[in-house]
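In what follows, a structure is listed as structure tokens, so that the remarks can point back to it.
The values are calculated or read from the model by the stated rules, or taken from the named source; none is laboratory data. This one's a predicted model, so the numbers in the text were calculated from it and none came from an experiment. Cβ placement follows ideal geometry from the backbone for every residue including glycine, while neighbour counts extend to all protein chains displayed.
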Amino acid sequence: MSISETSPSNEHHGLQRRQLLATATSLGLSPWLLSACASQSGAAAKVARDSVLRQHTAGQRRTLGSFEVFPVGLGCQWHPGAAQGSVVDMYHSAFDRQAAVRLIRRAVDRGVTLIDTAEVYGPFLSEEIVGEALQGIRDKLVLETKFGMDIDPKTGQRLGGLNSRPEHIKQVVEAQLRRLKTDRIDILIQHRVDPQVPIEDVAGTVKDLVAAGKVLHFGLSEPGVQTIRRAHAVLPLAVIQNEYSMLWRGPEAQVLSLCEELGIGFVCWSPLGMGFLTGSVKADTRFETSPNMDFRSVVPRFAPEALPANMALVDVVKTWAARKSATPAQLALAWLLAQKPWIVPIPGTTNVAHMEENLGAASISFTADELRQLNADVAAVKIRGERLPPAVLQMSGVEAPPKS
């Protein structure tokens, strides 16, 4: 049959089959796994496709505390946009609240089991959206949220700085439980170490919340290494959540080995280098500063004088992505997963297709020789510029004051 003779139904069937095969490729699946679904139409095809995807991902799990989670989670870091009802991320990408809810529910439908958010994202907005999205499916998820910024728990007003005083933590958690519409927080993370509060007081407070059944596990984000040991001695830590990607390999110096020693899982924020490793940033890209600021506009490694040199890493990612029949984002996430079996990246997005693409990283593996070569290629690129603005960077690696 010639193209001109194709009937509308056959055109639809062909388009549907191409979409299914594209989905298989984006998720790192062999096309034959989904091609059988192409003979079905409408809701039946969707059910068959989703069933295949769930079966494919069912055996892939990583341990965080007492939980086993899918290797790739979802970060929900959203803020109110300028337009009524709009929601934006840190990089000036926007959608609306209901689209955010649908994104989360679609991620769960695709097999995601770790959802990460925080009180300060909004403030409060991200937790409210997550709480709405997880109604009816809460028990399928490991819910991770963070405290530690100085925010009025009632108004959401940012008071500046950090606040991990025990009485404040308790107030925050009560408010988080209401916003998240749940009776427990699976993993509660101190967002940044408070230099005014001994970590023993923080861990002790979380331990009380664990005893009350309101929190199940404890974690720290961007802490000093001695603070990790001290906190772990009071209440065993389930996770350390630090920035980690091909673009920032700082955790390899001390933190990863400490996590391995103590049996702590590791959750990577910004695993795609703020979008850099997807190939969407070019040497001449300039980031918006007003009226809606793109966070990257104040990050030194994205400055005009740094970007051209840093593009060498993008070339490495693209070369290896082609070699592994993957997208750059999948390759970058798969590299993280290959470093340790207890690492879980939490890429964020406002795009369902990108979310689904990211999950395909779980199906990419490297031989020992490939991983050695890839690690060497990544290490050969010297990144210019600090990973964060000075005011933000100074909150990383902080050691809590001693217990008096």
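For T113, state whether it is crowded, with 21+ Cβ neighbours inside 10 Å and farther than 27 Å from K403 by Cβ. Even if it seems obvious, please write down each step before you answer.
On the way: crowded, with 21+ Cβ neighbours inside 10 Å: yes; farther than 27 Å from K403 by Cβ: yes.
When the stated conditions are applied, T113 passes them.
Please pick out the residue among V314, V344 that is in the same structural domain as G360 (by TED's automatic domain parsing), of a type outside the set (S, T, Y) and without any contact (Cβ under 8 Å) to a residue 60 or more places away in the chain.
Details: V344 fails: without any contact (Cβ under 8 Å) to a residue 60 or more places away in the chain.
Answer to the check: V314.
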Verdict on G161 being in the same structural domain as L209 (by TED's automatic domain parsing), part of a loop (DSSP other than H, G, I, E, B) and of a type outside the set (A, V, I, L, M): no
Subset of region 215-228, residues in contact with a strand residue (DSSP E or B) (Cβ under 7 Å, 6 or more places away or on another chain) and over 15 Å from V197 (Cα atoms), comes to V215, L216, H217, F218, G219, S221, E222
Condition check for G348: among the small types (G, A, S) and closer than 22 Å to Y121 by Cβ: yes
With L143, L220, L188 as the choices, which residue is assigned by TED's automatic domain parsing to the domain that holds I346, without any contact (Cβ under 8 Å) to a residue 60 or more places away in the chain and in contact with an Asp or Glu (Cβ under 6 Å, 6 or more places away or on another chain)? L143
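Right, P401: surrounded by fewer than 17 Cβ atoms within 10 Å (Cβ to Cβ), free of Cβ contacts under 8 Å to residues at least 40 places away in the same chain and over 25 Å from L143 (Cα atoms) or not?
On the way: surrounded by fewer than 17 Cβ atoms within 10 Å (Cβ to Cβ): yes; free of Cβ contacts under 8 Å to residues at least 40 places away in the same chain: no; over 25 Å from L143 (Cα atoms): yes.
When the stated conditions are applied, P401 does not pass them.
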Give, as residue ranges, the strands (runs of 3 or more DSSP E) completely inside region 64-130 that count at least 2 residues that are modelled with pLDDT of 95 or more and over 14 Å from E144 (Cα atoms). 86-88, 94-96
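Can you tell which of L262, L235, L258 is at pLDDT 95 or above, among the hydrophobic types (A, V, I, L, M, F, W, C) and within 21 Å of K170 (Cα to Cα)? Lay out the reasoning, then the answer.
Numbers: L262 fails: within 21 Å of K170 (Cα to Cα); L258 fails: within 21 Å of K170 (Cα to Cα).
Matching residue, one of L262, L235, L258: L235.
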Filtering helices (runs of 4 or more DSSP H) wholly in region 347-403 for at least 1 residues that are over 24 Å from M90 (Cβ atoms) and under 23 Å from the mean Cα position of the chain (by Cα) gives 368-379
Could you list, in sequence order, all residues of region 150-179 that are farther than 18 Å from V206 by Cα and among the hydrophobic types (A, V, I, L, M, F, W, C)? I151, L159
Pull up region 265-276, narrow it to residues that are under 14 Å from the mean Cα position of the chain (by Cα) and hydrophobic (A, V, I, L, M, F, W, C), then point me to the one that is farthest from L337 (Cα to Cα). M274
Out of the helices (runs of 4 or more DSSP H) lying entirely within region 193-312, which hold 1 or more residues that are in contact with a Ser or Thr (Cβ under 9 Å, 6 or more places away or on another chain) and charged (D, E, K, R)? 199-211
Hey, F147 surrounded by fewer than 23 Cβ atoms within 10 Å (Cβ to Cβ) and of a type in the set (F, W, Y) or not: no
Hey, among the residues in region 284-307 that are surrounded by fewer than 12 Cβ atoms within 10 Å (Cβ to Cβ) and not polar (S, T, N, Q), which one's farthest from G348 (Cα to Cα)? E305
Any chance you could count how many residues in region 165-192 are within 25 Å of L258 (Cβ to Cβ) and in a loop (DSSP other than H, G, I, E, B)? 2
